[in-house]
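The structure appears right after this line, and notes come after that.
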Amino acid sequence: MTDTPSNNDATSPLSLFERYLSLWVLLCILAGLVLGSLLPDTFQSLAALEYGSVNFVVAVLIWFMVYPMMVSVDFTSLRHRTTRSCAIGSATLNAKCSILRGFVA
């Protein structure tokens, strides 16, 4: 007999967010459709914020999505962040603060 590693030993259990990612995406799409129907003027003004066919809102949201991957933030170590607080307001500065405190993989 050969020893083959089981898949359960090699992988860690999925978090709640990862397990239901498709559901979260569906809920966000539905929330966007409902908010767009209820507040059309607000979303039209947000859509008008563009330069050279690039929407600023979309660009900022994509940046927030990609930035943690670019700096290799280890989100599992951020759970212990409450013991060492870093009171900085913006998300980018919070990520940089976490990097400086050694939370990078």
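The values are calculated or read from the model by the stated rules, or taken from the named source; none is laboratory data. Quick caveat, the model's predicted, so the values are computed rather than measured. Glycine gets a Cβ as well: all are built from the backbone with ideal geometry, and neighbour counts include every protein chain shown.
A compact table of results
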quantity	calculated
Matching residues in the range 43-79 - criterion: being polar (S, T, N, Q) and under 23 Å from LEU33 (Cβ atoms)	GLN44, SER45, ASN55
Test: residue in the range 31-41 that is at pLDDT below 95, in a loop (DSSP other than H, G, I, E, B) and under 21 Å from the mean Cα position of the chain (by Cα)	no
Residue in the range 5-26 that is at pLDDT below 90, surrounded by 11 or more Cβ atoms within 10 Å (Cβ to Cβ) and among the small types (Gly, Ala, Ser) present	yes
Flag for PRO68 being modelled with pLDDT under 70 and either of a type outside the set (Val, Ile, Thr) or in contact with a His (Cβ under 8 Å, 6 or more places away or on another chain) (or both)	no
